[in-house]
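First up is the structure itself, then whatever we jot down about it.
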Amino acid sequence: MAFVQSLDFFHHVEKHQATLLKAIPRGEQQNPEVQEVKQEPVTSSQVVAAIDKIVQEVLERLSKDEAPVLLVENRSNWNNIEDIFYENVQLYGSQATVDNIVTDISCMLKVPRRSLHILSTSKGCVAGNLLYIEEDGTKVDCSGSTSGALVPSNVEGVTNLRTVARFILIIEKDATFQRLLDDDFCGKCGPCILITGKGVPDLNTRLFVRKMWDTFQIPIFTLVDADPHGIEIMCIYKYGSVSMSFEAHNLTVPSIAWLGLLPSDIERLHVPAEALIPLSALDQRKLQSLQKRPYLSCQPLWKQELEIMTLMKMKAEIQALTFLSPTFLTSVYLPNKLEYGGWI
């Protein structure tokens with residue numbers, strides 16, 4: 001039976017948006033059809049000035065017969081760059097070495113990595129009701145692609161973003177993203193925008209999600225697996241990562257809500273046992289780590305979902321919903337979640 005959108009389908013989505021807009025200071029709200037936020041980029045002269053300052057401090061310490069000191073915040077690293085390493089493999093030894101060096105320099109200079117003119121290749125895809133112009137003048141219509149458009153490599157250069165979408169849905173996996181497109185999810189539950197980072201999101205995908213929030217200020221939901229890894233990915237979009245914590249204000253959207261798959265949904269929907277997977281030792285350690293994070297103290301409903309997973313000692317992928325029905329995700333689960341406000 002085909003899903004039929006009711007007249008008040010977006011009632012709860014609109015209420016959610018009103019709550020989000022109320023929390024934004026007056027004057028910062030945007031018209032999603034005609035406006036976008038203009039963020040002043042860090043100029044080359046500012047980057048050079050930051051480098052000069054570091055060099056000057058080193059020279060001053062050397063002139064006093066003191067050891068130079070370079071202060072870099074303690075952090076871990078995720079692979080975001082895929083170009084410099086291959087220019088001199090023997091020199092760098094590994095991609096991780098390049099990532100550490102570039103991020104350390106960015107952190108030390110207190111400038112975004114993109115301001116160093118080192119851009120990584122995008123892996124994320126976006127689809128749905130979205131138009132924009134890339135830096136080179138290319139006009140992109142994301143509704144015209146059957147498999148999604150690649151997230152632009154230079155997000156800062158993107159202009160003239162336009163949409164009439166009612167919400168944005170971040171999808172953890174590319175396979176689920178493609179499934180929603182194949183099932184015409186945007187036509188059934190739209191207008192909307194779908195975006196996926198194909199697992200752990202790259203820098204450009206995170207920047208693009210933030211740019212869309214700044215420009216449109218419409219609700220953003222996440223669809224991830226009900227497992228520690230999926231929740232970790234969702235937290236990256238919402239709260240950021242340790243490695244890029246110094247630039248979290250440019251990369252995160254704190255208003256992001258968790259649409260699914262919730263651990264509590266597994267029992268509520270009577271997902272069969274054969275569709276579930278026992279938590280591994282690694283999963284349990286990741287789950288414990290998530291539960292200790294400071295930001296969960298202000299997310300009691302998220303904390304409750306993690307506790308449910310801990311007690312179940314089981315996890316479920318989004319594909320587990322196909323055990324209920326081949327089209328359950330797009331014809332029942334997501335439409336009901338959106339219509340009745342089933343997010344946290």
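For the stretch 274-283, name all the residues that are in a helix (DSSP H, G or I) and without any contact (Cβ under 8 Å) to a residue 12 or more places away in the chain.
Within the stretch 274-283, A281, L282 meet the criteria.
Go through (1) charged (D, E, K, R); (2) surrounded by 20 or more Cβ atoms within 10 Å (Cβ to Cβ); (3) in contact with a strand residue (DSSP E or B) (Cβ under 6 Å, 6 or more places away or on another chain) one by one and return the number of the condition K211 breaks.
With respect to (1) charged (D, E, K, R); (2) surrounded by 20 or more Cβ atoms within 10 Å (Cβ to Cβ); (3) in contact with a strand residue (DSSP E or B) (Cβ under 6 Å, 6 or more places away or on another chain), K211 is out only on (3).
Would you please name the residue that is modelled with the lowest pLDDT, looking only at residues in the stretch 241-254 that are within 12 Å of the chain's Cα centre (by Cα) and either over 26 Å from K15 (Cα atoms) or among the polar types (S, T, N, Q) (or both)?
A248
Going through the stretch 187-196 one residue at a time, which ones are more than 21 Å from G230 (Cα to Cα) and either part of a helix (DSSP H, G or I) or within 12 Å of the chain's Cα centre (by Cα) (or both)?
Answer for the stretch 187-196, where residues must be more than 21 Å from G230 (Cα to Cα) and either part of a helix (DSSP H, G or I) or within 12 Å of the chain's Cα centre (by Cα) (or both): G187, K188, C189.
Quickly run through the stretch 121-168 and pick out the residues that are part of a strand (DSSP E or B) and among the small types (G, A, S).
Correct list: A127, G128, A149.
Please state which of the following conditions F221 fails to meet, knowing it meets all the rest: (1) open to solvent by 10 Å² or more (accessible area, probe 1.4 Å); (2) closer than 18 Å to T205 by Cβ; (3) modelled with pLDDT of 95 or more.
For F221, the failing item is (1).
Which of the residues spanning the stretch 282-321 are open to solvent by 60 Å² or more (accessible area, probe 1.4 Å) and either among the small types (G, A, S) or touching a strand residue (DSSP E or B) at 6+ places or on another chain (Cβ under 6 Å) (or both)?
Listed by number, the list holds a single entry, S297.
Which residue pairs have Cβ atoms closer than 8 Å, lie 6 or more positions apart in sequence or on different chains, and pair a first residue in the stretch 151-179 that is closer than 23 Å to Q17 by Cβ with a second residue that is hydrophobic (A, V, I, L, M, F, W, C) and open to solvent by 50 Å² or more (accessible area, probe 1.4 Å)?
N160/L131; L161/L131; R162/V34; R162/L131; T163/L131
Has the stretch 96-110 got any residue that is at pLDDT 90 or above and assigned to a helix (DSSP H, G or I)?
No, the stretch 96-110 contains no residue that is at pLDDT 90 or above and assigned to a helix (DSSP H, G or I).
Every residue in the stretch 197-240 that is assigned to a loop (DSSP other than H, G, I, E, B), farther than 18 Å from L287 by Cα and of a type outside the set (A, V, I, L, M, F, W, C), please.
G197, K198, P201, D202, Q217, P219
Check off (1) out of contact with any strand residue (DSSP E or B) (no Cβ under 6 Å at 6 or more places or on another chain); (2) in a loop (DSSP other than H, G, I, E, B) for L334 and give me the number that stays unchecked.
L334 satisfies every listed condition except (2).
The values are calculated or read from the model by the stated rules, or taken from the named source; none is laboratory data. Just so it is clear, the structure is predicted and the values come from calculations on it, not from any experiment. Every residue, glycine among them, receives a Cβ derived from its backbone with ideal geometry; neighbour counts consider all protein chains shown. Surface areas here come from the heavy atoms of the whole protein model, side chains and all, with no ligands, DNA or RNA. Shrake-Rupley method; radii C 1.70, N 1.55, O 1.52, S 1.80 Å.
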